[in-house]
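Notes follow once the structure below has been shown.
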Amino acid sequence: MTSNLRAETIHFNSYDDQSVEAYLATTEGEQAGGVVVIHHFPGYDEATKEIVRKFAANGYNAICVNLYSRESPGVSSDDAAAAAHARGGVPDDQLVGDVGAAAAYLRALPNSNQKVGVIGYCSGGRQSVLSACSLDLDAAVDCYGAFVVMSRPESTMTSIVDLLPNLSCPLLGLFGVDDQYPSPEQTETLRKLLTQHAKDFTFHEYEGAGHAFFAVDRPSYRPEVATEAWGEIWKFYGRHLSSAK
């Protein structure tokens, strides 16, 4: 782990030439891989920003786009999330565009090794898989992403089963056995589909953990499970993001 990092709020033009807010943390290391962090449904919050800094402290450049910044500029995270929920969530094409623009931003940094991965939590887990099926990425992590193999009524979160053949990179899935969104049955369905499409993936399912076991500010937090799962993330990204192309 390195303490040589810089973290700041930035604005950059996304895929549609609109300025979006993002939180960026960079490492001083050379030939650094990049990570696009997709925030959970509650929004672009302090807990997510801490995750961005955690990646930089471990030698990666990392960025998290405020997915609600277009529609709710200057609005609190909770209020912006509520407004997004009322609209059915972030449209998939907008999400993919923002992640693609964030990945390009990371690749343009002077110390980039041109490798970029993505990670998401809760709804962001689904969006991580969606991004990896829609963009050219080097690694993807799905942390208990719901509605990958099923749709949520009255929401933009529809099944992305039809996109799974397009998965562009290795996928790491981290799930709680006590979760219902996704349930163990849904995780098994995803496992079977990825196997059917001959995709490179690894799943870890943790006993005694439910949804949001990474969330340090929630009762659902499971420190031992989260520590073990972070270890899997470091090994996974170490294999796929650390060496130069």
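3J(HN,Hα) along the range 109-121: 5, x, 9, 6, 8, 6, 9, 9, x, 9, 9, x, 10 Hz, from the Karplus curve 6.51 cos²θ - 1.76 cosθ + 1.60 with θ = phi - 60°, whole Hz, x for Gly and Pro.
Would you list the membrane-span-like helices of the chain, meaning whole DSSP H runs whose alpha-carbon atoms span at least 15 Å along their axis and whose mean Kyte-Doolittle value is at least -1.0?
Span-like helices in the chain: 46-57, 92-107, 123-134, 223-240.
Along the Cα-to-C-beta direction of residue 114, a point sits 7 Å from the Cα; which residues of the range 18-42 have their amide N less than 16 Å from that point? Counting backbone N atoms under 16 Å from the label point, the list is 31-34.
In this view, the solvent-accessible surface of residue 5, computed with a 1.4 Å probe and all protein chains in place, comes to about 60 Å².
Distance distribution note for the range 108-203: the fraction of Cα pairs above 17 angstrom is 46%. Length available on full extension from residue 79 to residue 152: 0.36 nm per residue minus the Cα-Cα distance, which gives 24.1 nm. When a/c reaches 1.5 or more, the comparison of a/b and b/c decides; with that in mind, is the chain rounded, prolate or oblate per its Cα gyration tensor? Rounded is the answer for the chain, as its axis ratio a/c remains below 1.5.
Treating the beta-carbon of each Lys and Arg as +1 and of each Asp and Glu as -1, no other charges, what is the dipole magnitude of the range 147-232 about its Cα centre, to the nearest 20 debye? Charge dipole, the range 147-232, about its Cα centre: 240 debye, nearest 20.
Across the chain, Cα pairs under 8 Å and at least six residues apart give a relative contact order of 17 percent. Based on C-alpha pairs under 8 angstrom that are at least 6 apart in sequence, the range 120-198 has a relative contact order of 30 percent.
In the context of the full protein assembly, residue 87 retains an accessible surface of approximately 110 Å², using a probe radius of 1.4 Å and ignoring ligands and nucleic acids. In this Cβ point-charge picture (+1 for Lys and Arg, -1 for Asp and Glu), the chain has a dipole of about 540 debye about its Cα centre.
Estimated from helical segments only, the mean residue ellipticity of the chain at 222 nm is -10500 deg cm²/dmol, where each DSSP H run of four or more residues counts as -39500 (n - 2.57). When the chymotrypsin sites (Phe, Trp or Tyr not before Pro) in the range 12-97 are filtered for DSSP coil states and for at most 15 other beta-carbon atoms within 10 Å of their beta-carbon, no site remains.
Given charges of +1 on the Cβ of Lys and Arg and -1 on the Cβ of Asp and Glu, with all other atoms neutral, how large is the dipole of the range 34-174 about its Cα centre, in debye to the nearest 20?
Using Cβ point charges on Lys, Arg, Asp and Glu, the range 34-174 gives about 320 debye.
For a quick check of understanding: with a 1.4 angstrom probe and all protein chains in place, what accessible area in square angstrom does residue 9 have, to the nearest ten? Roughly 70 Å² of residue 9 is accessible to a 1.4 Å probe.
Across the range 136-166, the residues whose backbone nitrogen lies under 19 Å from the label position 7 Å along the beta-carbon direction of residue 228 are 142-145.
The values are calculated or read from the model by the stated rules, or taken from the named source; none is laboratory data. All values derive from a computational prediction rather than experimental measurement. FYI the Cβ positions are ideal-geometry reconstructions off the backbone, even for glycines, and counts take in every protein chain you see. For accessibility, only protein heavy atoms count, side chains too; no ligands or nucleic acids. Shrake-Rupley method; radii C 1.70, N 1.55, O 1.52, S 1.80 Å.
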